[in-house]
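Worksheet: one structure, shown below.
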Amino acid sequence: MKIGITCYPTYGGSGALATELGLELARRGHEVHFIAYASPFRLRGYAERVYFHEVDTVTGRYPLFEHYPYTLALASKQHEVALREHLDILHVHYAIPHATTAWIAREMLQAEWPLRVITTLHGTDITLVGQESSFFAITKFSIERSDAVTAVSKYLRDETLRAFGCANSDIQVIPNFVNLEEYHPVFPKRRDGLAPEGHKLITHVSNFREVKRVKDVVRVFARIRRAMPATLLMIGDGPEREDAEHEARELAVADDVRFLGRLTSVAELLQKSDLFVLPTQAESFGLAALEAMACGTPVVSTRAGGLPEVVVDGVSGILEPPGSVEAMGRRAVDLLRDPVRHAAMAAAAVARAQEFAADKVVPQYEALYRSVLS
Ligand code: GMT
């Protein structure tokens, strides 16, 4: 099949998942065309049968435009690529504005080319941004006009039906997946200069937005640090980074917290970590948690959104309500102090992650493409 994929190219779970999906589809013999305003961050180097089409956000500016009509440029590019490359499917990730631009592109093509549009809902397009009054009606409309819609967790499907209605849309749950060739455990876990010998290594990866509660990461870490030597790696960047840095100073743990900023590849750091902390307020799935688990790193997280569909509390990780810093810290310390239980939980995390292997999930997308085309 010839498949177009539109996603946010910047750091974030939806863009990461969309890119991994495109690469997997290309490995399986499909031709994949990414259409975005920049090359997706996980698209590194050449891959056979993979093409990138950049949406122009620079030229065509006109003094009349106080706000550049980027969505029209994107719809035009989707239309152009679909027609020229004879795309069978345009699979868009994150409804806003991608489901709308895909609908425009398909309308423009109508008699010329039978493009099918699939929308994958990822999270805040439904739970936050899509529910703002300026986006609600157009998001609902675009979901309902897609040829097929998927959500990355049961929680997100139910939330879409609750918030938007969309009663006639058959929203299929296709969970996120992990590439086990890249994300796999390496035992024993070596520090390799990331932390002093004898330190436990704790890791957090996110886009440091408010919803991630990054100050809670530091607070949980401070409880661990009081109990044992430990180093925290903070990977990523975003609006809450300064607050997290400030919190580390306030709690007198700044010397043991390393803010590494944005990194394109985190597998090696996850493999070396003893614990992954994600104390998020809301999460439709938690792709970062799944990738940590695949690397044999137990997750300390929250019973929020779709996370319980990924992490089994007490078996493959630890879940507490959002904001329960004390409980997360206490259970993290207990786990780190008990090497036998830690090893068992790491093994259970790997086993759980294998249920979300690319080989198990990507065929579900292929089957959906085939059903939409038939
Ligand atoms: O977080 C967002 O605003 C959107 C999105 C992104 O681009 O990172 O994240 C969502 O999609 C991921 C991939 O499906 C999920 O793993 C995240 O849980 C989800 N984020 C939220 O629901 C907050």
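The values are calculated or read from the model by the stated rules, or taken from the named source; none is laboratory data. Since the model is a prediction, treat every value here as computed from it, not as a measurement. Methodologically, a virtual Cβ is constructed for each residue, glycine included, from the backbone with ideal geometry; neighbour enumeration extends over all protein chains shown. Note: accessible area is taken over every heavy atom of the protein model, side chains too, but ligands, DNA and RNA are not part of it. Shrake-Rupley method; radii C 1.70, N 1.55, O 1.52, S 1.80 Å.
Report the extension gain between ALA167 and ARG341 in nm, rounded to one decimal, defined as 0.36 nm multiplied by the number of residues separating them, less their alpha carbon distance.
Working: separation 174, 0.36 × 174 = 62.64 nm, distance 4.53 nm.
Additional length available on full extension: 58.1 nm.
With a cut-off of at most 12 other beta carbons within 10 Å, and DSSP calling the residue loop, which GluC sites (Glu not before Pro) in segment 114-223 qualify? Please list them.
Answer by residue number: GLU132, GLU181, GLU197.
How about segment 318-374: which GluC sites (Glu not before Pro) there are in a DSSP loop, with at most 15 other Cβ atoms within 10 Å of their Cβ? Mind showing how you got there, number by number?
Values: sites: GLU326, GLU355, GLU366; in loops: GLU355.
Those that pass, being in a loop and sparsely packed, are GLU355.
State, to one decimal in nm, how far the label point of LEU263 lies from the label point of GLN364, with both points 7 Å from Cα in the Cβ direction.
Distance between the two pseudo-spin positions: 2.9 nm.
Say a site is exposed when it is one of the chymotrypsin sites (Phe, Trp or Tyr not before Pro), sits in a DSSP loop, and has at most 13 other Cβ atoms within 10 Å; what is then the longest site-free stretch of the chain? Numbers along the way, then the final one.
Details: sites that count: TYR46, PHE65.
Answer from the scan: 66-374.
Whenever you get a sec, compute what percent of the accessible area on segment 23-136 sits on carbon and sulfur atoms (1.4 Å probe). Don't jump to the answer; show the numbers that get you there.
Details: 3080 of 5540 Å².
Answer for segment 23-136: carbon and sulfur cover 56 percent of the accessible area.
In straight Cα distance, which lysines are under 25 Å from LYS200, not counting same-chain residues fewer than 8 positions off?
Those lysines meeting the cut-off are LYS189, LYS212, LYS215, LYS272.
Would you rank HIS67, HIS53 by solvent-accessible area, highest first, keeping every protein chain in place and using a 1.4 Å probe? Don't jump to the answer; show the numbers that get you there.
On the way: HIS67 150, HIS53 25 Å².
Putting HIS67, HIS53 in descending order of accessible area: HIS67, HIS53.
Please compute the contact order of segment 200-354 in relative form: average sequence separation of alpha-carbon pairs under 8 Å and at least six residues apart, divided by the residue count, as a percent. Before the final figure, lay out the partial values.
On the way: 306 pairs, mean separation 37.4, N = 155.
Value for segment 200-354: 24 percent.
Less than 19 Å apart at the alpha-carbon level, and either on another chain or at least 8 residues along: which lysines does that give for LYS2?
Here the lysines satisfying the reach criterion relative to LYS2 are LYS77.
Which value, in Å² and to the nearest 10, is the accessible area of THR57 when all protein chains are kept and the probe is 1.4 Å?
Estimated to the nearest 10 Å², THR57 gives 40 Å².
Could you put SER76, SER374 in order of accessible surface area, largest first, with the 1.4 Å probe and the full protein assembly present? List each step's numbers first, then the result.
Details: SER76 60, SER374 125 Å².
Per-residue accessible area, sorted high to low, gives SER374, SER76.
Using only the Cα atoms of segment 200-354, each taken as one equal point scatterer with no solvent, compute I(q) by the Debye sum, divide by I(0), and report log10 of the ratio at q = 0.14, 0.18 Å⁻¹.
Relative scattering, expressed as log10 I(q)/I(0), comes to -0.57, -1.01.
Just to verify a number: what accessible area does LEU72 come out at with the full protein assembly present, 1.4 Å probe, Å² rounded to tens?
Accessible surface of LEU72 is approximately 100 Å².
Out of the total accessible area of segment 200-354 (probe 1.4 Å, heavy atoms of protein only), what percent is carbon and sulfur?
Values: 2540 of 5550 Å².
With neighbouring chains kept in place, the figure for segment 200-354 is 46 percent.
Considering only protein heavy atoms, what per residue accessible area in square angstrom results for the chain with a 1.4 angstrom probe?
Values: 15750 Å² over 374 residues.
So the chain comes to 42 Å² accessible per residue, rounded to a whole number.
Under a 10 Å cutoff between Cα atoms, tell me which one of ALA230, ALA289, ALA327 has the largest fluctuation in the Gaussian network model of the chain.
Maximum fluctuation in the GNM of the chain, among the listed residues, is at ALA327.
For the chain, what mean projected area does the convex hull of the alpha carbons give, in nm²? Walk me through the numbers on the way to the answer.
Working: hull surface 76.7 nm².
If you wrap the Cα atoms of the chain in a convex hull and average its projections, you get 19.2 nm².
Determine the relative contact order of the chain: mean sequence separation of Cα pairs under 8 Å and six or more apart, normalised by residue count, in whole percent.
Working: 739 pairs, mean separation 51.5, N = 374.
With pairs under 8 Å counted, the relative contact order is 14 percent.
What net charge do the residues around GLU283 carry, taking every other residue with its C-beta under 11 Å from that of GLU283, with Lys and Arg at +1 and Asp and Glu at -1? Mind showing how you got there, number by number?
Working: positive: LYS212, ARG213, ARG303; negative: GLU309.
In short, +2.
So how far, in whole Å, is the C-alpha centre of segment 146-199 from the one of segment 326-374?
9 Å
Between PRO229, PRO188, PRO175, which gets the highest mean-square fluctuation from a Gaussian network model of the chain, Cα cutoff 10 Å?
Per the Cα network of the chain with a 10 Å cutoff, PRO188 tops the list.
What figure in square angstrom, to the nearest 10, would you give for the accessible area of CYS166 with a 1.4 Å probe?
Accessible area, nearest 10 Å²: 0 Å².
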